[in-house]
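The values are calculated or read from the model by the stated rules, or taken from the named source; none is laboratory data. Model, not experiment: these values are computed from the prediction. We work out accessible area using only protein heavy atoms, side chains counted, and drop any ligands, DNA or RNA first. Shrake-Rupley method; radii C 1.70, N 1.55, O 1.52, S 1.80 Å.
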Amino acid sequence: MDLGFILIGIAVGVVVFLLLDYFVKRIFSRVLDSEQLLLLRLLAALFSLSLIFAIVSPVAQIHHLFYLLLVILVFSLGSFILGTRRILEQYLTGLFVARLLDLHVGDYIELGDLRGYITALEDAYLVVRDPRREYVYIPYTVLLQNPFRRIKSPEGHEVRIRLFVPSGQDVKRIRSLIEEVAREFGVERLSVDVEKIGARGVTLVVRGVLRDPRQEDELKYAVLDKVYASMMGGATL
């Protein structure tokens, strides 16, 4: 009977360790570094060993070893949580925030001075590419602590382009060029309005809805190139 309890305890401990080790490597391998991951696996081994002694100690009379391991496990686990508190906080927040806020790759986001489209949703952070084509990593906790604006990719993104047209230029011709570029990019609800009239010329504001926020910079450069090339006599209708 005693041998049966010992074998059961060892079997349960081994199974629990294998399961914990699998989940540790699967869940935390992308969040923790190698040393932290090794420490977490050692904690899993300590927990499994404590479980074995908890099952075996009633028949093997080794309660003191069980209590000793339990104390070591508690102190080790507490030290690990304190040391990796920020990482664990980011990861646990990431489990819920992306789904809670309904974030998706391709959504356009504005957070403070940062703006860009989401290129990846990782476990502890999201990746945003800004207009300068630089990648910015934003922890999910930042989204909970700061107000932000999100435009879902199917809804489209409003684009505004300001153009200065010197006196003597054909505004109708400029408008036709803008409409031509807008059709190429699939811009919807296009409008070209006069914002300011001065002695040197007029300032136009081009507004429209772009389905893919990633094309915003390309659209702006295409409009500017087309319009100013025409002003210099480098393009014709």
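For Gly116, which sequence-distant residues (separation of 5 or more, or a different chain) have an amide H within less than 5 Å of its own amide H, given hydrogens modelled in the peptide plane?
For Gly116, whose amide H was placed from the backbone, the distant partners under 5 Å are Ile109.
If you average 1/r over every pair of different alpha-carbon atoms in the stretch 157-234 and take one over that average, what Kirkwood value in Å do you get? Let's see the in-between values first.
Working: mean 1/r = 0.0792 Å⁻¹.
It works out to 12.6 Å.
With contacts defined as alpha carbon pairs under 8 Å and 6 or more residues apart, what's the relative contact order of the stretch 157-234 in percent?
Here the relative contact order equals 41 percent.
Under a 1.4 angstrom probe, counting protein chains only, how are Val14, Val223 ranked by accessible area, largest first?
Descending accessible area places them as Val14, Val223.
Show the residues, 5+ positions off or on another chain, whose built amide H is closer than 5 Å to the amide H of Gly201.
Here Ser167 satisfy the definition.
Going by accessible area, probe 1.4 Å, with all protein chains left in place, what is the ranking of Ser34, Ser50, Ser191, largest first?
Ranked from most to least accessible, the order is Ser34, Ser191, Ser50.
Amide H neighbours of Val136 under 5 Å, at least 5 residues apart or on other chains, H built in the peptide plane: list them.
Correct list: Val128, Arg129, Asp130.
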